[in-house]
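Here the structure comes first, spelled out in structure tokens, and everything after it is commentary.
No value in this document is a laboratory result; all are computed from the given coordinates. All of these numbers come straight from a predicted model, not from anything done at the bench. Cβ sites come from the backbone with ideal geometry, for glycine too, and all protein chains shown count toward neighbours.
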């Protein structure tokens, strides 16, 4: 279970991006380590993820035999269950093994349009520098 803290700005849509550049798990077929980088992007609602708790959770995969695709989806499910974000995306970029790299992306929820939070008006392109998710998903209306 991931620990969370209260979001002091629950009425505002903002994107949080967290990186775990030294992610490791074990391949269940070869018992060899899988090295990669996990990136978590989320728009919080009432809760923020406590970073030490999240780091410890991700570190727990070091001794687990699990496929890369399963890692990304399991992390996503845990984030949804414990933090209930409006939107969350988990991206795993894994190092080459056998001449192949793997990139897995899984998400839950709808990525809000920049400037769409309650009480905000006007063109978000003029009033803020809204972050952009991969593929340009974080856009202004």
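Spin-label model, residue 66 to residue 5: label points 7 Å out along the Cα-to-beta-carbon direction sit 2.5 nm apart. Each Cα pair under 8 Å and six or more residues apart adds its sequence gap; the mean of these over the residue count of the stretch 4-109 is a relative contact order of 29 percent.
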